[in-house]
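Peer 1: Have a look at this one.
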Amino acid sequence: MAPVRTGLRIRSILGNEPMPEHDVFVIGGGPAGLAAAIAAARRGMRVVVTDANAPPIDKPCGEGLMPDSRLHAERLGIDLPPSSGYEFRGIRFHGAGRSVESDFPRGRGIGIRRTVLHEKLVGAAVKAGVELRWNTTVSGLDKIRARWIVGADGSCSRVRRWAWLDSCHCNNRRYAYRQHFAVAPWTDCVEVHWGDGCQIYVTPVSREEVCIALISRAPELRLGEALRRFFPVLHDRLAGASATSRERGSVTATRRLRAVTRGNVALIGDASGSVDAITGEGICLSFRQAEVLAAAMAKGDLAGYNRTHPRLALRPQLMARTMLTLDRGAAARRWALSAMSWQPWIFRKLLAVHVLETGL
């Protein structure tokens, strides 16, 4: 169905237009939408969030937050204490008969169930004074009375379509599946297991549970089959472990939009473009976008957000390209992992860049 162009008519609250009911109207109550709402409310704006679902909202993801994600969450007033999940000290790569690991240069990451994270975000939004409207569907932009409209409705964003912001530079897709297992974590790192055409992430999320996430280019590949490719390392560790959630899947895309604002509409999170989930940076990127967007709305001009938005994604995009070199084939993977195991400083440097501690 063609976009509703009339949705753009109300985006200038000037002249004879009615006074806006809210300063900010956020469509989408996931992490990106709630972060945008919290950041705006903390600057004194009247904010409402709508979502067709009710909390806690789940979504397939690897559930590991890096130290920089926790830092930006703290800046937004979102408390993620160790008791909310399972802290991890660094990252470990396995593949091609090699293993390499490094601690984070500062701080610890945390494995946290997506539903628990959502509850924390909802709590922070309520504390900030955000009005939350769950089980509420928005069918267009025409009747929204707000100074600013924020589209945070995910990778298949209707707000993006309504605002004629669908034009993008690229759109590469891979496929992700996630499931939890009742087994005590055997590591205090997030493990990334590299195989032919796929990666498996192991993230401890509690003292009795791990999250197993698969990313591949094959939509038909599921966790059960993928785990058999990692026999005996992963297969044996999970043998006999009970699944504590059903297997859930999603698409992970690399998408760069030509613009993320139009009139008084701004996009955030996956609605505004995305990087491959291999980086684990989606949540952190949304938190950083929320801070910049709130500052732009407070100044009354979205142009700064539109300019800054691409720069925020540069580091995650660089890291995604770097990590995906290991996905190009066995020879490239063997060479890269061998180099990092012989020269551990390479992996330490990459990890430092990954968590914003230094530059290349």
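The values are calculated or read from the model by the stated rules, or taken from the named source; none is laboratory data. These numbers come from a predicted model, not from an experiment. Quick reminder, even Gly has a Cβ in these numbers, built from the backbone with ideal geometry, and neighbours come from all protein chains shown.
Peer 1: Given the criteria of a type in the set (Asp, Glu), within 23 Å of SER69 (Cβ to Cβ) and part of a helix (DSSP H, G or I), does ASP270 qualify?
Peer 2: yes
Peer 1: Across the range 237-258, what is the total count of residues that are in a loop (DSSP other than H, G, I, E, B), of a type outside the set (Ser, Thr, Tyr) and either touching a residue at least 24 places away in the same chain (Cβ under 8 Å) or under 30 Å from ARG160 (Cβ atoms) (or both)?
Peer 2: 5
Peer 1: Take the residues in the range 197-218 that are at pLDDT 90 or above and more than 20 Å from the chain's Cα centre (by Cα), then tell me which one is surrounded by the fewest Cβ atoms within 10 Å (Cβ to Cβ).
Peer 2: The residue in question is ARG207.
Peer 1: So which residues in the range 169-196 are over 19 Å from the mean Cα position of the chain (by Cα), in a strand (DSSP E or B) and at pLDDT below 90, if there are any at all?
Peer 2: Within the range 169-196, HIS169, GLY195 meet the criteria.
Peer 1: Quick one: count up the residues across the range 134-159 that are surrounded by 13 or more Cβ atoms within 10 Å (Cβ to Cβ) and within 29 Å of GLU74 (Cα to Cα).
Peer 2: Selection size over the range 134-159: 14.
Peer 1: Collect the residues in the range 266-289 that are more than 9 Å from the chain's Cα centre (by Cα) and either of a type in the set (D, E, K, R) or within 21 Å of GLN199 (Cα to Cα) (or both), keeping them in residue-number order.
Peer 2: ASP276, ILE278, THR279, ARG288
Peer 1: When you scan the range 160-193, how many residues do you find that are small (Gly, Ala, Ser), more than 30 Å from ARG228 (Cα to Cα) and surrounded by fewer than 22 Cβ atoms within 10 Å (Cβ to Cβ)?
Peer 2: Here the count works out to 1.
Peer 1: May I ask you to list the residues in the range 196-222 that are more than 20 Å from ALA241 (Cα to Cα) and among the β-branched types (Val, Ile, Thr)?
Peer 2: The one that is more than 20 Å from ALA241 (Cα to Cα) and among the β-branched types (Val, Ile, Thr): ILE215.
Peer 1: Does any residue of the range 321-331 turn out to be over 18 Å from VAL353 (Cβ atoms), out of contact with any strand residue (DSSP E or B) (no Cβ under 6 Å at 6 or more places or on another chain), assigned to a helix (DSSP H, G or I) and hydrophobic (A, V, I, L, M, F, W, C)?
Peer 2: Yes, the conditions are met somewhere in the range 321-331.
Peer 1: With the requirement that a residue be in contact with a strand residue (DSSP E or B) (Cβ under 6 Å, 6 or more places away or on another chain), under 17 Å from ASP58 (Cβ atoms) and of a type in the set (S, T, N, Q), what does the range 231-288 give you?
Peer 2: Scanning the range 231-288 gives THR244, SER245, SER250, THR252.
A quick yes/no check of all residues on (1) touching a strand residue (DSSP E or B) at 6+ places or on another chain (Cβ under 6 Å); (2) buried (at least 16 other Cβ atoms within 10 Å of the Cβ); (3) free of Cβ contacts under 8 Å to residues at least 40 places away in the same chain:
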position	(1), (2), (3)
ALA52	no, no, no
ARG70	no, yes, no
GLY77	no, no, no
PHE104	yes, yes, no
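Peer 1: If LEU234 satisfies every condition in (1) in a loop (DSSP other than H, G, I, E, B); (2) surrounded by 13 or more Cβ atoms within 10 Å (Cβ to Cβ); (3) at pLDDT below 90 but one, which is the exception?
Peer 2: (1)
Peer 1: Also, I was wondering about something else. Keeping to the range 241-265, report how many residues are β-branched (Val, Ile, Thr) and at pLDDT below 95.
Peer 2: Looking only at that region, the number is 3.
Peer 1: If a residue counts only when it is hydroxyl-bearing (Ser, Thr, Tyr), which strands (runs of 3 or more DSSP E) contained entirely in the range 69-152 have at least 1 such residues?
Peer 2: In the range 69-152, 86-88, 98-103 are the strands (runs of 3 or more DSSP E) which contain 1 or more residues that are hydroxyl-bearing (Ser, Thr, Tyr).
Peer 1: A further question on this structure: Please state which of the following conditions VAL49 fails to meet, knowing it meets all the rest: (1) under 15 Å from HIS118 (Cα atoms); (2) in contact with a helix residue (DSSP H, G or I) (Cβ under 7 Å, 6 or more places away or on another chain); (3) in a loop (DSSP other than H, G, I, E, B); (4) modelled with pLDDT of 95 or more.
Peer 2: (3)
Peer 1: Among (1) farther than 30 Å from ALA303 by Cα; (2) assigned to a strand (DSSP E or B), which single condition is GLU220 missing?
Peer 2: Every listed condition holds for GLU220 apart from (2).
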